[in-house]
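Asker: Structure provided below as structure tokens; questions to follow.
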Amino acid sequence: MSTNPKEKIVVLGAGISGLSVAWLLSKQGLTPQIFEATDRIGGLSRTFEWHGIPCDIAPHRLHTNNETILGLLNGLLPLREHRRNSRILMAGKRILDPINPIELCLRFPPDVSIRLVTGFINKPKLNPSSFKSLALSRYGKGLYDFFFEPYTRKMFGVPPECISVTWGREKLRASGLFDVLKRNSKTFFRTFFYPETGGYGAIAQAMQKEIKGEIHFETQVVGFNRDGRRIESVDIKQGSRALTVECDRVFSTLPATVLAGMLGETLNLRFRKIHLVYLHVRKERVMPYHWVYFGDGDVVINRMAEFKNFHPGEGPEGSTVLCAEVTADTQTPVEDVLEALRRYRLVREEEIDDILVLKESYAYPVYDKGFEEEKAKADTFFSRYINLHRVGRNAEFRHIELDEDLESALGIVQDIYGRIT
């Protein structure tokens, strides 16, 4: 399909998904207008510098075997391939990530080893209908009780039997009892890509420089004007100014629930909020890992990154920055994080000289049991509008990574306008 350079295109959101769409549209000779509610680009894939260290909004993963995506990214900015270095902290020990039950049997007391082995040997033959039943059928009750149940409950705030089997099929991260880790997939990746300078926000900044249209900051979308199956215009608000912008096509990265509400529909889908606790620590390094997961259910941290490890040989001497990700429901995220660090003897409180807390309301699409039906309902509803396209993690209600956001944007743009060369 040939492009019309005068086509009026609106992109809602300047996170990585919206920027990817606008960047790819610009490659097609189009001039999209991007409306962003905040005063910054990048969304959850932005980076800020704090105490001389580039800090991402929590650790992300960019791992792909898609040569087209890699080619686009490498043409945008230089990337470095890192050998993944991560661990799981649990019961006072640092264990391999993904979990290897053989290691657990060797490193934990005999009663734990016996439960793991007998649970695996006697694992039930179930027709999985939830995350719980899938984990039990794959790994047995021992490993389920030891790790999967407490971590999943902490992450989502509900027991694993309330989480869809789809989550487990996409995200279960453990090697089989007699398996060596030879897999190389989105779950079992050994390496990941990271910008040579800056953080993942460098990708967003590089895209912004090549976008032909304008990004309108602090601009809130408040409604749509429709004519049958088409969206004719978008109502926006800039401070005290209310404007209506005509459009031929709309690409939305808004959370599916928010977009549906603006169009008069209610979706029974939910997102998990997140607190990000950043700690400036007077130590050269706290740990040698890119990130660690906290498996204990009574520790609020899901995972923690040390950003200095993403920038080998760079950064100030004698200090480092940690980022603890907390999805658990707590009114005291800082105190809870500090308690976890004391418990694992990672940092003494007197070594911390600054703390920053950020909150994101739409961090994780939650795959509640039965969400597939509600998501199908959403897909049917949005498909009524032939010039409306949803792109990215929150808009599509899919727990996808940064490279998959770009892959989604590329697929949609090429479906409409043809291959990008």
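The values are calculated or read from the model by the stated rules, or taken from the named source; none is laboratory data. Bear in mind the structure is a predicted one, so any value in this text is a computation, not a measurement. Methodologically, a virtual Cβ is constructed for each residue, glycine included, from the backbone with ideal geometry; neighbour enumeration extends over all protein chains shown. Note: areas computed on protein heavy atoms with side chains; ligands, DNA, RNA excluded. Shrake-Rupley method; radii C 1.70, N 1.55, O 1.52, S 1.80 Å.
Asker: With just the Cα atoms defining each centre, how far is the stretch 298-363 from the stretch 86-122? Give it in Å.
Answerer: 25 Å
Asker: From the mean inverse distance of alpha carbon pairs (Kirkwood) and the Cα radius of gyration, derive Rg over Rh for the stretch 269-373. Could the numbers behind the result be given before it?
Answerer: Working: Rg = 15.1 Å, Rh = 14.8 Å.
Taking Rh as the inverse mean 1/r over Cα pairs, Rg/Rh reads 1.02.
Asker: Taking the Cα centre of the stretch 243-374 as origin, sum charge times position over the Cβ atoms of Lys and Arg (+1) and Asp and Glu (-1), and report the length of that vector in debye to the nearest 20. Please report the intermediate quantities before stating the final value.
Answerer: Values: 15 positive and 24 negative charges, 59 e Å.
About 280 debye.
Asker: Add +1 for every Lys or Arg and -1 for every Asp or Glu among the other residues with Cβ under 12 Å from the Cβ of residue 149, and state the total. Walk me through the intermediate numbers first.
Answerer: Details: positive: 132, 141, 153, 154; negative: 145, 161, 296.
With Lys, Arg at +1 and Asp, Glu at -1, the neighbours total +1.
Asker: If you put +1 on each Lys and Arg Cβ and -1 on each Asp and Glu Cβ, how big is the dipole of the chain around its Cα centre, in Debye rounded to 20? Intermediate values should be presented prior to the final figure.
Answerer: Numbers: 57 positive and 54 negative charges, 245 e Å.
Taking the Cα centre of the chain as origin, the dipole is about 1180 debye.
Asker: Roughly how many Å² of residue 224 are accessible to a 1.4 Å probe, to the nearest 10?
Answerer: 20 Å²
Asker: By how many degrees, between 0 and 90 and to the nearest 10, does the Cα long axis of helix 371-382 differ from the longest principal axis of the chain?
Answerer: Helix 371-382 sits roughly 10 degrees off the main axis of the chain.
Asker: Given the options 30, 254, 356, which has the most mean-square fluctuation in a GNM of the chain, springs set between C-alpha atoms less than 10 angstrom apart?
Answerer: Greatest mean-square fluctuation among the candidates belongs to 356.
Asker: Exceeding 29 Å between C-alpha atoms, which entries from my cross-link table qualify? They are 93/125; 237/369; 123/369; 6/237; 141/369. List each step's numbers first, then the result.
Answerer: Details: 93/125 31 Å; 237/369 37 Å; 123/369 22 Å; 6/237 24 Å; 141/369 20 Å.
In this structure, 93/125; 237/369 lie more than 29 Å apart at Cα.
Asker: Consider a paramagnetic label point 7 Å from the Cα of residue 83 along Cα→Cβ; state which residues of the stretch 278-312 have an amide N under 19 Å from it.
Answerer: 287-292, 306, 308-312, by backbone N distance to the label point.
Asker: If you don't mind, there's one more thing I want to ask. If each DSSP helix of 4+ residues adds -39,500 (n - 2.57) and the sum is divided by the residues in the chain, what number results at 222 nm, nearest 500 deg cm²/dmol?
Answerer: Working: 13 runs with 129 residues, N = 421.
For the chain, the value works out to -9000 deg cm²/dmol.
Asker: Also, I was wondering about something else. Using only the Cα atoms of the stretch 316-397, construct the convex hull and provide its projected area averaged over every direction, in square nanometres to one decimal.
Answerer: Values: hull surface 36.6 nm².
Computed as one quarter of the Cα hull surface, the answer is 9.1 nm².
Asker: Per residue, how many Å² of accessible area does the chain show with a 1.4 Å probe? Could the numbers behind the result be given before it?
Answerer: Working: 18070 Å² over 421 residues.
That works out to 43 Å² for each residue.
Asker: Rg to Rh ratio, the stretch 206-308, alpha-carbon atoms and Kirkwood radius?
Answerer: Numbers: Rg = 21.1 Å, Rh = 18.5 Å.
Here the Rg-to-Rh quotient is 1.14.
Asker: Still on this structure, I have one more. Taking R0 as 41 Å, what's the FRET efficiency between residue 229 and residue 39 from their Cβ-Cβ distance, rounded to 0.05?
Answerer: On the way: r = 35 Å, r/R0 = 0.84.
Efficiency computed from Cβ-Cβ geometry: 0.75.
Asker: Return the carbon/sulfur percentage of the accessible area of the stretch 57-102, one whole number, probe 1.4 Å, all protein chains in place. Don't skip to the end; give the middle numbers.
Answerer: Details: 810 of 1830 Å².
Here it works out to 44 percent.
Asker: If R0 is 22 Å, what FRET efficiency do you get for residue 106 and residue 191 from their C-beta distance, rounded to 0.05? Could you put the intermediate results ahead of the total?
Answerer: On the way: r = 26 Å, r/R0 = 1.20.
With R0 = 22 Å, the Cβ-Cβ based efficiency is 0.25.
Asker: Sticking with this one: Farthest toward the dipole's positive end in the stretch 286-421, which of 408, 382, 294, given Cβ charges of +1 (Lys, Arg) and -1 (Asp, Glu) about the Cα centre?
Answerer: Of the candidates, 382 comes out farthest on the positive side.
Asker: Rounded to the nearest 20 Debye, what is the dipole magnitude of the stretch 1-160 about its Cα centre when Lys and Arg each give +1 and Asp and Glu each give -1 at the C-beta? Working shown, then result.
Answerer: Details: 21 positive and 12 negative charges, 106 e Å.
Around 520 debye, computed over the stretch 1-160.
Asker: Okay, next question. What shape does the stretch 1-85 take by its C-alpha gyration tensor, where a ≥ b ≥ c are the square roots of the eigenvalues and a/c under 1.5 counts as rounded, a/b above b/c as prolate, and the rest as oblate? Show your work: numbers first, answer last.
Answerer: Working: a/c = 2.86, a/b = 1.42, b/c = 2.01.
Note, shape of the stretch 1-85 comes out oblate.
Asker: Compute the acute angle (0 to 90°) between the alpha-carbon long axis of helix 402-417 and the principal axis of greatest extent of the alpha-carbon atoms of the chain; round to the nearest 10°.
Answerer: The two axes meet at around 30 degrees.
Asker: I would also like to ask the following. Helix 16-27 against the longest principal axis of the chain: what's the angle in degrees, Cα atoms only, rounded to the nearest 10?
Answerer: Computed tilt is about 40 degrees.
Asker: Give me the percent of accessible area attributable to carbon and sulfur for the stretch 324-421, probe 1.4 angstrom.
Answerer: On the way: 2020 of 4560 Å².
In the stretch 324-421, the share of accessible area belonging to carbon and sulfur is 44 percent.
Asker: Taking the Cα centre of the stretch 104-178 as the origin and placing charges on Cβ (Lys, Arg +1; Asp, Glu -1), which of 121, 147, 166 is farthest toward the positive end of the dipole?
Answerer: Of the options given, the answer is 166.
Asker: Go through the stretch 81-145 and name the trypsin sites (Lys or Arg not before Pro) that are in a DSSP coil and have 11 or fewer other Cβ atoms within 10 Å of their Cβ.
Answerer: Working: sites: 83, 84, 87, 93, 94, 107, 115, 125, 132, 138, 141; in loops: 84, 125.
Answer in residue order: 125.
Asker: Moving to a separate point now. Taking 0.36 nm per intervening residue step and subtracting the Cα-Cα distance, what contour gain separates residue 381 from residue 248 on full extension?
Answerer: Length difference between fully extended and current span is 45.9 nm.
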